[in-house]
Every structure is written in C-alpha cells, then in structure tokens.
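This report refers to the structure that appears directly beneath it.
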Amino acid sequence: MKLKTKDLLTLSELSPQEFTKLIDLSIKLKKDLKKGGNKPLLKNKTLAMIFQKPSTRTRVSFEAGMFQLGGHAINLSSHDTQLSRGETIEDTAKTLSRYTDCIMARVYAHDLLEKLAKYATVPVINGLSNSFHPCQTLADFMTIKEKKGKFNGLKIAWIGDGNNVCHSLIIGCSLSGAKISIATPKGFEPNKAIVKESRKSTDVDLTLDPIKAVANADVVFTDTFTSIHNRDPNRTKKFLPKYQVNQSLMQHAKKNSIFMHCLPAKRGYEVTSSVIDGPQSVVWDEAENRLHTQKALMVSLIRA
C-alpha cells in the first residue's frame, strides 16, 4: 500500500480508508513476524531518527522495525547533529534527504516538524510532538481491532489531560467511526479546533465528569498528568483524586471493556497498579503494537 501523503504529522493526512488499511497491514506484518519473519520490504533503506525528547518505545520500535524489514536506522540525539550548534532545520532537512529514505522526529514544538517536512524531500514521520502523537494512535487502534474486532460504534473514554495523545486519539476516532467521551479538569480540555473538525465525522463529547465519560465505554484511556514539556509541581493536584483511573471508575465501563495507556505510567497517579496490571489491561499488547504499526507506516511511506 502506498499512501497519498508524503508525511505523517497528525493523522489527519489520512483518509478513513487509508487509516483502516494501515491497521490491517500492521496486523498482517505482526502475523508474518510470528510465523517466521517479515520480508525485507525496506532492504537498503535508511531511517534517520531525530530525538529532542527521551524515548523507549518510539526509539526501539522504529529501530527494531527497520531491522526486521531489512533496513537500517540511525539514532540522532539533539547533541549528535549540527542542530545543537545552530544549523537551521531547513538545512538539516535538505541534508538528511540526500542520505536517508525517511526521517522520524520526536520533538517539542510541532512547527519544527512542519518545517522539517516542508524542506525534506523524503517522508517525515512525527514520532511525537507537544501537539500530536499519531504513531501511538495507530498502535492504539490496532490493539482495539485485535481485541474488539471493529471500530464503528465503539465508545472510547479518555480520562485526564487533553494533551497530544488525546488530540491524535480524537482524530483516530474521526477516521474510524468510534465515538469518544473526554473527561478533563476545567482548563485542560483538548484543542477546540481539533474537536470541531472531528465532530464532522464522529461524536466527541467533552465533560468534567469521569464517571459520565466512562459510562458504558468499550475502551478506557488515560495518560500521565505531567508530560515531558510540562512539569509544573502543582499540576497533579488539579487531577487527583477525581481523574484517577481505578477499580471504582472502571466499574462504570462495560464489563468487557479494556484499559489502555501509552506508557510510561506513573502508578498511583493517573492509574492504579490494580488496573494497569489487571485483567482488563491491554497496555503491553498496545506497547508491542507500536512495532508493527511503525513498520506498516514506514513500508507505506517509503516504498515506491
């Protein structure tokens, strides 16, 4: 499958059909890997990975994925390139495009990614920015497809901060037909423009009440209350205890509901250990699926 877009920065570049096909390809690549390995679909291809932010799942899934597909990944921290000495992102984009077949960047400001994509002649993938985390959402919906068998008609509940992960999840719902109910403290709601655009395709409900959001939900999501770029020590007080996902809150969801978290988790804050380690949790399958969706994305962007 070849995507019409050159880059993936938010998920909104995809059509609903492309979104579904990416998930299906991810599942196929996972099955092929379990059977004995993937074909070298990206043989002699190279991925440049730029990291401003630390990473476990993004770094390992992209690097392992390229290796399994016959390609090679180069890890570039912010101190490993001339960006640390003032070279412009425009010049970096043009240079890396001469050496590599794709660029993945995990950054702070989203406009840096937009500049990177504008000046690069190879595909650019958003490995995470302060505004969006599209790669996580692909893995999330792959996991939902595996566990629930469908998207359309499902109710997803998001509890906590209306952050970058939440933004991409909303877009994922608009592409898939799933409904989403989001419970945040006042002042922590997701971006209004993203909500408005996504409401053209699906139901996006905003509430201050976690119980209302979780009621009859098929999937319950949360994320840390403090991101890498926001470490306000008083921030957590605005979320606890009301917005913690615990056994009491999970009882309001469907009995066969699943719990998801992009990780890393701060146990005892946004989620209790009894939930994340409990029978409804699918967070480890979700984490593994970052590998398979990353591979599907690279194959679909890089292959001619």
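Only one of the numbered conditions (1) among the small types (G, A, S); (2) assigned to a loop (DSSP other than H, G, I, E, B); (3) touching a helix residue (DSSP H, G or I) at 6+ places or on another chain (Cβ under 9 Å) is violated by G70, and that is (3).
Table: residues versus (1) touching a Leu at 6+ places or on another chain (Cβ under 8 Å); (2) over 16 Å from S227 (Cβ atoms); (3) assigned by TED's automatic domain parsing to the domain that holds E270.
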{"site": "K115", "(1), (2), (3)": "no, yes, no"}
{"site": "K147", "(1), (2), (3)": "no, yes, yes"}
{"site": "G160", "(1), (2), (3)": "no, no, yes"}
{"site": "V165", "(1), (2), (3)": "no, no, yes"}
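Exactly one residue out of K2, K34 is surrounded by fewer than 17 Cβ atoms within 10 Å (Cβ to Cβ), out of contact with any strand residue (DSSP E or B) (no Cβ under 8 Å at 6 or more places or on another chain) and either assigned by TED's automatic domain parsing to the domain that holds E197 or part of a helix (DSSP H, G or I) (or both), and it is K34.
Out of I156, I144, one residue alone is surrounded by 23 or more Cβ atoms within 10 Å (Cβ to Cβ) and not in a strand (DSSP E or B). It is I144.
Residues in segment 192-210 that are more than 10 Å from S181 (Cα to Cα) and surrounded by 16 or more Cβ atoms within 10 Å (Cβ to Cβ): I194, V195, S198, T202.
Scanning segment 77-90 for residues that are assigned to a strand (DSSP E or B) and either out of contact with any His (no Cβ under 8 Å at 6 or more places or on another chain) or under 17 Å from L297 (Cβ atoms) (or both) turns up at least one hit.
The values are calculated or read from the model by the stated rules, or taken from the named source; none is laboratory data. Keep in mind the model is a prediction, meaning the values are calculated, not measured. All Cβ positions, even for glycine, are placed from backbone atoms using ideal geometry, and neighbour counts span all protein chains on display.
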